[in-house]
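Taking it in order: structure first as structure tokens, then the write-up.
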Amino acid sequence: MGVRAAMAAARAVPLALSSCVALVMAFVANRGLDPVDESYLLRMVDNPQATRPAGDVYLFAFVVHPLYELVGRDVAALRLAGFAIVAVAAAVLCRESLALLAAGGVVLRRSHVVLAVAVAAAASLFVFSFDVAVPAYRSVALVGLMAVAVGVARALRGHAVVGGACLGSGGWVTFVGKPTSAAALVVVLLVVVAGARLVSRRLVAATVVSGLVAAVLTLAVAQLSPAAALDYLSRGADGSSRLGNHSGVAMMLGLTNLRLEGLVVLGPLFVLPLVVARAWGAQAGRRRHAAFELGYAAAMVAVTVAACLLAGRWLGGMGLGWQVFSVGLVVPVVVAVHLAHRARSRGLVGRAVPGEAAYLGLLLVLPWVSAVGSNVSFTVGMPLTAVFWVVALAVVTFPREGAAADRAGFRRAMTLAAALTLTMTVAEQTNGLPGGDLSATLRPAQVGGGTLLLRPDDATAAQLIHDAARRGGLGPDTPVVDLTGVGAGYAFLAGGRPIGRAHLYADLPDSLAAARVSLDSASCGERARAWVVTAPSMGTGITPALTRGRVSFADDYEVMARFTSRQARGTWEIQLLRPTSSVPQRMGC
């Protein structure tokens, strides 16, 4: 192979890996439906107004609902729309970040910009993980945070009005997606803006005005007054606090429960080729350099394939893929190493441009901001928004002087980022029961206003539920409540609307008390005519929150559908029950 052909092949690898990420996500857009997390979020999106009596901890459903209606209530189309919105926002973020370098005198070569943008866009799609592929609170908050980062980049370039507009609107969108992240963002922005001396009247005015405009538009779409929105969030926060699943401030800030399996097991596999390339790649002649770069690219492809195939076996007893996520921490580690090298080589090649240090600090900390308030390990949660780390990597490794070594280092960094993104994506999508959403045994089933490919048992359950809903006259206004804690998907398939919160947890310390308060937000008449998803083998669980000891599922409800639910956490027989005419009287309605 000639020198040019070898270099062309090496350059194509990061683009090919990023394209594979996009193809995998497009392939799974119409495959699978998580019966718990994704489904309860879909219940909120399907009918956000039904959640108003009990409230919730975020407003995203009111914003996503119009998009859901626009795509004909088709879940697959909603997923694709979410993918596109997030990827475009990431592309804009990356381009604006590199424009900051251009303002500092760095020449932006088109091929390098295209490469960085492609890798960043692919990395952004990883937010649709943890079995939630529809646009929801994490992806909405991510779009807001990316808009804020764009605003800071613009402000650093002297565009105070545009920068402020992005800061205000992005901050509000972050609040709509995840209020806890918005609170953390305020603290981080105060530090960054003060440190970079960005405060100006024009910036502050543009930020305030754009934030208010975004808030007014959002509340108008949601049909909420400011007082009603605050009351909604307040009641939602009260309901969440009653569950007892947040162990304290330390956990909500990510200071406990650090899980590093992916970083420890898979991290060295990805770092080793990079270390070898940095140590010996610059010493090779032109012909040997081309072969060396091609060898590095081939090694990264091999590592990626091996990690994708073996990650599920190497990591985690549940086989859900999340144990792999912490391997994404390799990216900020590499960024930190580059920054340390630059600090030791001050005045030499690779010096920073004005404002770059503050901006890189913001990019590095934004994944933490996105994870604040989560009840999962931050070393698992932060990589979901690793796009910020990838953009930081692109900025810090972008060729400054046009030297061949700089260009090679940039390509290696982008190859690393793309390889890590693909590994995490495939590991997450292929794990599960059995083989995840990439399985060849999936069958079509009606879901919402479209069709999804589901596991055979879930496709059968969907058909049974649809048949039961038609026989029993279950309509859009019929209350449906899941008392299993694992059956939100079956409630969503049935149609109808939630009462209380869209999802009632059944396995947390104070689930029963929280469920009782949630269902009390509905009238006795609504509770009496609610269809019920239940699992007799689970015992009473949170059932008393609905029955209050006055009605019996065996005597006062009719079994409309019965099927088996197989999930990673267990297997149960699920029943869909319709209340008989005796229920209102027995409940005292």
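The numbered conditions (1) surrounded by fewer than 23 Cβ atoms within 10 Å (Cβ to Cβ); (2) touching a Pro at 6+ places or on another chain (Cβ under 8 Å); (3) under 24 Å from E261 (Cα atoms) are all true for P383 except (1). Looking at the range 411-523, the strands (runs of 3 or more DSSP E) lying wholly inside it that each contain 1 or more residues that are of a type in the set (S, T, N, Q) and open to solvent by 10 Å² or more (accessible area, probe 1.4 Å) sit at 443-447, 450-454.
Within the range 173-198, being of a type outside the set (V, I, T), assigned to a helix (DSSP H, G or I) and open to solvent by less than 50 Å² (accessible area, probe 1.4 Å) holds for G177, P179, S181, A182, A184, L185, L189. Just to be sure I understand the filter: pairs with C-beta atoms under 9 Å, separated by 6 or more residues or on different chains, first member in the range 175-200 and under 19 Å from P135 (Cβ atoms), second member charged (D, E, K, R). Which pairs pass? Correct list of pairs: G177/R138; K178/R138. Please find, among L219, L212, the residue that is over 30 Å from V301 (Cβ atoms), modelled with pLDDT of 95 or more, touching a Pro at 6+ places or on another chain (Cβ under 9 Å) and not in a loop (DSSP other than H, G, I, E, B). None of the others qualify; the one that does is L219. A residue that is more than 26 Å from G449 (Cβ to Cβ), free of Cβ contacts under 8 Å to residues at least 24 places away in the same chain, out of contact with any Lys or Arg (no Cβ under 9 Å at 6 or more places or on another chain) and in a strand (DSSP E or B) occurs somewhere in the range 571-586. Restricting the range 108-157 to residues that are of a type in the set (K, R), over 23 Å from N30 (Cβ atoms) and assigned to a helix (DSSP H, G or I) leaves a set whose member that is modelled with the lowest pLDDT is R110.
Looking at the structure I just gave you, is G541 in a loop (DSSP other than H, G, I, E, B) and crowded, with 16+ Cβ neighbours inside 10 Å?
Considered against the rule, which asks whether it is in a loop (DSSP other than H, G, I, E, B) and crowded, with 16+ Cβ neighbours inside 10 Å, G541 comes out as yes.
Against the numbered list (1) surrounded by fewer than 18 Cβ atoms within 10 Å (Cβ to Cβ); (2) modelled with pLDDT of 95 or more, Q567 comes up short only at (2). Out of the residues in the range 337-375 that are of a type in the set (A, V, I, L, M), at pLDDT below 95 and under 23 Å from V148 (Cβ atoms), state the one that is surrounded by the fewest Cβ atoms within 10 Å (Cβ to Cβ). Per the criteria, the residue is A357.
Kindly establish whether A440 is among the hydrophobic types (A, V, I, L, M, F, W, C) and either under 24 Å from G539 (Cα atoms) or modelled with pLDDT of 95 or more (or both).
It is false that A440 is among the hydrophobic types (A, V, I, L, M, F, W, C) and either under 24 Å from G539 (Cα atoms) or modelled with pLDDT of 95 or more (or both).
State yes or no: is V391 surrounded by 24 or more Cβ atoms within 10 Å (Cβ to Cβ), in a helix (DSSP H, G or I) and over 14 Å from the mean Cα position of the chain (by Cα)? So V391 fits the description; yes.
Report whether or not A81 is in contact with a strand residue (DSSP E or B) (Cβ under 8 Å, 6 or more places away or on another chain), surrounded by 19 or more Cβ atoms within 10 Å (Cβ to Cβ) and outside any loop (DSSP other than H, G, I, E, B). Before the answer, list the steps.
On the way: in contact with a strand residue (DSSP E or B) (Cβ under 8 Å, 6 or more places away or on another chain): no; surrounded by 19 or more Cβ atoms within 10 Å (Cβ to Cβ): yes; outside any loop (DSSP other than H, G, I, E, B): yes.
No.
Number of residues in the range 108-138 that are out of contact with any Leu (no Cβ under 9 Å at 6 or more places or on another chain) and either more than 28 Å from A568 (Cα to Cα) or without any contact (Cβ under 8 Å) to a residue 60 or more places away in the chain (or both): the value is 4.
Of all the listed residues (L230, L219), the sole one being more than 16 Å from A141 (Cα to Cα) and open to solvent by 30 Å² or more (accessible area, probe 1.4 Å) is L230. Please determine whether any residue of the range 547-563 is in contact with an Asp or Glu (Cβ under 8 Å, 6 or more places away or on another chain) and surrounded by fewer than 21 Cβ atoms within 10 Å (Cβ to Cβ). Within the range 547-563, one or more residues are in contact with an Asp or Glu (Cβ under 8 Å, 6 or more places away or on another chain) and surrounded by fewer than 21 Cβ atoms within 10 Å (Cβ to Cβ).
Please go through the range 199-209 and give me each residue that is part of a loop (DSSP other than H, G, I, E, B) and open to solvent by less than 60 Å² (accessible area, probe 1.4 Å), ordered by number. Within the range 199-209, S200 is the sole residue that qualifies.
The values are calculated or read from the model by the stated rules, or taken from the named source; none is laboratory data. Quick caveat, the model's predicted, so the values are computed rather than measured. So basically every Cβ, Gly included, is an ideal-geometry build from the backbone, and we count neighbours across all protein chains shown. Side chains are part of the model used for accessible areas, which takes the heavy atoms of the whole protein and leaves out ligands, DNA and RNA. Shrake-Rupley method; radii C 1.70, N 1.55, O 1.52, S 1.80 Å.
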